[in-house]
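The values are calculated or read from the model by the stated rules, or taken from the named source; none is laboratory data. Computed from a prediction, not measured in an experiment: that's the story for all the values here. All Cβ positions, glycine included, derive from the backbone under ideal geometry; neighbour counts span all protein chains shown. Remember, those area values only see protein heavy atoms, side chains included, never the ligands or the DNA or RNA. Shrake-Rupley method; radii C 1.70, N 1.55, O 1.52, S 1.80 Å.
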Amino acid sequence: MKKQILLRQEDFDKLLDWFSADREKAGEEYETVRRGLIRFFLVKGCGDSENLADETISRVTAKISRLDLSQNIKPLAVFYGFARNIYLEQISANGRIEKQLEPEIDLSQQSRQLFSQADEFAAKGRECLKHCLQNLQTSDRQIFVKYYCTETTDRAQSRLNLAKEVNLTLNNLHTKVCRLKLSLRDCIKKCLNQK
Amino acid sequence: MSNEQLKNYFLGALPQTEVEEIELRVIGDESFTETVQLAEDDLLEDFLEAKLTVSENELFEKNYLITAERRDNLRIFAMMKQCAAGLTGEAEHSSLPKDNEVGFFRKISNYFSLMSRPALAFAMLIVIGCVVGILVYQNQTSSEFATLEKKYEQINQRDFSDLGQFKQSSTLILVSGNLRGAPNSGGSGKVSADNLPENTLFRLVLPPENKSVSGYSIKLLKDRKVIFGLNQIRSHDNQFGQEIRLLLPAEVLSKGQYVIELQNQQTNSAPLSYLFVVQ
């Protein structure tokens, strides 16, 4: 999918000028857009979000001379358009790869293969999860455990109760758990790659 | 932006204009992204707890699980939830205050302040009446429940060692909820209500570290209601480890989402959930 894009200095200067006449502000704006694009690719479920964000910026930069920047076009909207195309290319490329890799075997054989892969993943994953949970502070681990261990029918109410227990607003509790989960997920992925 | 809209965003059930609105906000607003990620978490939990409708489930598999990253995330998320469930005991013994630690005198004073209000006392009488009604109803249904359990217990008392004897039955191999979403999993966990044979054999794959042979109990749930439960079930060896074999007659399977909860009573480990849909 990845195309080699040769960027010219004049195009990059033009991009920064588009962000702001002040180079420092333009640099900050560049970073803000990059972070926004990384978030976009993360929300879309793409693994390589940083590289895809850089790819988006490179493509916009390469085409900046052909873009009409005189009007009130918001940079975000332009970057979004390019990012969406890159996402669609990514999805269709992955779909092709998965199709090529799909073995022509009967269903029972396919199921067994799936189980052996999944079992292997789960066994390694559980080891990593235990290791990563131990890296959390005790209070954070307890909040995480209580948050996700709600076997009640009313998940919202039990989380409201937990927020009261730990003296947080519900929003702050959600945010805290969301960050804990992301850090755990990163830790597990790193751990799985090392195994 | 409501949670329902964000859920539909991930299910691919929103019009393009709303999709663009959400995605532009994600790029421009970091705090909004956290809201979106929370809605995604809720969706994953609903999926793992079989709380999605049949059509939502289809959209989830068709439109959400389209990248390897998301499938991996689902598996990791399921493991986190399962591990959290296994660690509940630890959290219960933590220093976090518990509901039952509210003072005794406070409870007494709450009780009397309630009784001093006639409207609330009347409401309590109605509640007591409802509870009595439910108990009478449960007494009636529990005898039907026992009959069902006895019938399915008999069906499952046969020897399952030789799989060849089930050639006439349809077979469904299920992996526990924490292993769902593995590559090429599309299609597993679904049976068609139109072509159900007299009995369907369910093969529930056990985790590789599993060592127990006997002492398993299962519960079959539909829409979070227990249909029946069986005890003293034993595991069987397969090529990759062990599995539980369970025979369910067609009469117990109507259209809807089911969960088979499996627990080993000897080891008292966290229950495993196996999901399937009758379409």
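What the table below lists for this structure:
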read-out	value
Residues of segment A:182-195 satisfying the condition of being within 11 Å of chain B (Cβ to nearest Cβ) and either within 18 Å of B:ASP42 (Cα to Cα) or under 17 Å from the mean Cα position of the chain (by Cα) (or both)	A:LEU182, A:LEU184, A:ARG185, A:ASP186, A:CYS187, A:ILE188, A:LYS189
Residue in segment B:30-47 that is within 11 Å of chain A (Cβ to nearest Cβ), out of contact with any His (no Cβ under 8 Å at 6 or more places or on another chain), part of a helix (DSSP H, G or I) and small (Gly, Ala, Ser) present	yes
Test: B:ARG203 is modelled with pLDDT under 75 and basic (Lys, Arg)	no
Residues within segment B:48-85 that are farther than 20 Å from A:LEU42 by Cα, open to solvent by less than 10 Å² (accessible area, probe 1.4 Å) and at the interface with chain A (Cβ under 10 Å from one of its Cβ atoms), tallied	2
Looking only at segment B:9-29, and only at residues there that are assigned to a helix (DSSP H, G or I) and open to solvent by less than 40 Å² (accessible area, probe 1.4 Å), the one that is farthest from the other protein chains (Cβ to nearest Cβ)	B:LEU11
Subset of segment B:30-41 that is among the charged types (D, E, K, R) and open to solvent by 20 Å² or more (accessible area, probe 1.4 Å) - its residue that is nearest to the chain's Cα centre (by Cα)	B:GLU40
Test: B:VAL278 is modelled with pLDDT of 80 or more and within 13 Å of chain A (Cβ to nearest Cβ)	no
Residue within segment A:84-100 that is at pLDDT 65 or above and under 22 Å from A:GLN194 (Cβ atoms) present	no
Subset tally (residues that are within 14 Å of chain A (Cβ to nearest Cβ), within 19 Å of B:TYR258 (Cα to Cα) and open to solvent by less than 90 Å² (accessible area, probe 1.4 Å)) for segment B:220-238	2
Residue in segment B:171-187 that is modelled with pLDDT of 70 or more, within 11 Å of another protein chain (Cβ to nearest Cβ) and more than 17 Å from B:VAL278 (Cβ to Cβ) present	yes
Scope segment A:71-90; condition within 11 Å of chain B (Cβ to nearest Cβ) and loosely packed, with under 15 Cβ neighbours inside 10 Å; matching residues	A:LYS74, A:ALA77, A:GLY81
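The rows are residues; the columns are (1) at pLDDT 85 or above; (2) surrounded by fewer than 17 Cβ atoms within 10 Å (Cβ to Cβ); (3) more than 21 Å from the chain's Cα centre (by Cα).
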{"site": "A:SER139", "(1), (2), (3)": "yes, yes, yes"}
{"site": "A:ASP154", "(1), (2), (3)": "no, yes, yes"}
{"site": "A:ASN161", "(1), (2), (3)": "yes, yes, yes"}
{"site": "A:LEU168", "(1), (2), (3)": "yes, yes, yes"}
{"site": "A:LEU180", "(1), (2), (3)": "yes, no, no"}
